[in-house]
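> Got a structure for you, questions after.
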Amino acid sequence: MVIDPATTPIPEIYRHLTAAITPRPIAWVSSLSAQGVANLAPFSFFNGVGANPPAVMFSPVNRRDGSRKDTILNIEATREFVINIVPEALAAVMNQTSAEYPSEISEFAACHLTQVPSRIVKPPRLQESPVHFECVLHQIVRVGDGPLSANIVIGRVVMIHANDDVLDPAGQIDPDRVQTVGRMGAILYSRTKDRFELARPNAPSR
């Protein structure tokens with residue numbers, strides 16, 4: 001099969017991308033509206049960018065009617081956000097926060113989740129999450145315009161929080177203890193319990 005984006009409906013392209021690019025980590029993003037309403041929403045176009053300075057990116061795509069989601073509007077207004085990491089134990093409630101709540105309703109309250117203050121930024125952290133990245137906006141890159149087009153949010157990490165119970169004896173965040181989940185296509189998710197090791201190779205000598 002060959003898929004030509006120029007002639008394929010946009011929702012079908014979206015389904016192909018999300019089915020093939022897997023598993024995708026999930027950024028559970030907390031933000032504040034200009035009116036002070038705390039928003040919490042998950043996004044699976046998410047990854048790290050670099051370590052100097054520490055930076056992350058996620059992409060809230062536009063809704064199918066072309067409108068932009070509350071998270072991107074909030075970050076444009078306040079230039080701050082927090083990424084909360086999603087362990088398997090929180091998968092169901094994370095999914096519930098993806099519902100289209102009105103902008104004046106906080107998902108923290110609607111889903112019975114707990115806000116805790118951040119150290120540097122104004123948006124709250126999610127107490128139930130074991131790892132948080134406080135971020136200030138570096139740049140928003142728009143790719144396209146209209147339904148399902150991208151708003152790539154690049155944030156500089158200004159503070160990292162990790163619960164003691166997800167650290168290994170050396171004080172590093174331990175994936176075995178965090179037990180994150182990943183996003184697959186359609187309504188599928190994956191666990192990250194099945195792992196294997198590959199040592200970084202050296203180039204063969206000539």
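This table checks each residue for (1) over 28 Å from residue 110 (Cα atoms); (2) in contact with a His (Cβ under 6 Å, 6 or more places away or on another chain); (3) modelled with pLDDT of 95 or more; (4) in a helix (DSSP H, G or I).
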site	(1), (2), (3), (4)
13	yes, no, no, yes
29	no, no, yes, no
36	no, no, yes, no
47	no, no, yes, no
55	yes, no, yes, no
60	no, no, yes, no
71	no, no, yes, yes
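> For the structure I just gave you, tell me whether residue 94 is in a helix (DSSP H, G or I), surrounded by 15 or more Cβ atoms within 10 Å (Cβ to Cβ) and touching a residue at least 24 places away in the same chain (Cβ under 8 Å).
So residue 94 fits the description; yes.
> Considering only segment 2-11, state which residues are under 23 Å from the mean Cα position of the chain (by Cα) and either at pLDDT 95 or above or surrounded by fewer than 13 Cβ atoms within 10 Å (Cβ to Cβ) (or both).
The one that is under 23 Å from the mean Cα position of the chain (by Cα) and either at pLDDT 95 or above or surrounded by fewer than 13 Cβ atoms within 10 Å (Cβ to Cβ) (or both): 11.
> Considering only residues that are touching a residue at least 40 places away in the same chain (Cβ under 8 Å) and hydrophobic (A, V, I, L, M, F, W, C), look in segment 44-65 and name the one that is surrounded by the most Cβ atoms within 10 Å (Cβ to Cβ).
The residue in question is 58.
> So residue 82 clears everything in (1) surrounded by 18 or more Cβ atoms within 10 Å (Cβ to Cβ); (2) of a type in the set (A, V, I, L, M); (3) touching a residue at least 60 places away in the same chain (Cβ under 8 Å) except one condition, right? Which one?
In the conditions (1) surrounded by 18 or more Cβ atoms within 10 Å (Cβ to Cβ); (2) of a type in the set (A, V, I, L, M); (3) touching a residue at least 60 places away in the same chain (Cβ under 8 Å), residue 82 misses (3) alone.
> Filter segment 1-43 down to the residues that are in contact with a helix residue (DSSP H, G or I) (Cβ under 8 Å, 6 or more places away or on another chain), free of Cβ contacts under 8 Å to residues at least 40 places away in the same chain and within 20 Å of residue 86 (Cβ to Cβ) and list them by number.
If the condition is that a residue be in contact with a helix residue (DSSP H, G or I) (Cβ under 8 Å, 6 or more places away or on another chain), free of Cβ contacts under 8 Å to residues at least 40 places away in the same chain and within 20 Å of residue 86 (Cβ to Cβ), then 43 is the only one that fits.
> Now for a different question. Wholly within segment 127-206, which strands (runs of 3 or more DSSP E) include no fewer than the required count, namely at least 2 residues that are modelled with pLDDT of 95 or more and crowded, with 16+ Cβ neighbours inside 10 Å? Steps first, please.
Values: elements: 131-143, 150-162, 181-183, 189-191.
The strands (runs of 3 or more DSSP E) meeting that bar are 131-143, 150-162, 181-183.
> Moving to a separate point now. Of all residues in segment 99-126, how many are on the phi < 0 side of the Ramachandran plot, loosely packed, with under 14 Cβ neighbours inside 10 Å and not hydrophobic (A, V, I, L, M, F, W, C)?
Counting residues in segment 99-126 that are on the phi < 0 side of the Ramachandran plot, loosely packed, with under 14 Cβ neighbours inside 10 Å and not hydrophobic (A, V, I, L, M, F, W, C) gives 6.
> Taking the condition among the charged types (D, E, K, R) and without any contact (Cβ under 8 Å) to a residue 60 or more places away in the chain, does residue 104 pass?
Working: among the charged types (D, E, K, R): yes; without any contact (Cβ under 8 Å) to a residue 60 or more places away in the chain: no.
No: the conditions fail for residue 104.
The values are calculated or read from the model by the stated rules, or taken from the named source; none is laboratory data. All of these numbers come straight from a predicted model, not from anything done at the bench. Reconstructed Cβ throughout: ideal geometry from the backbone, glycine too, with neighbour counts over all protein chains shown.
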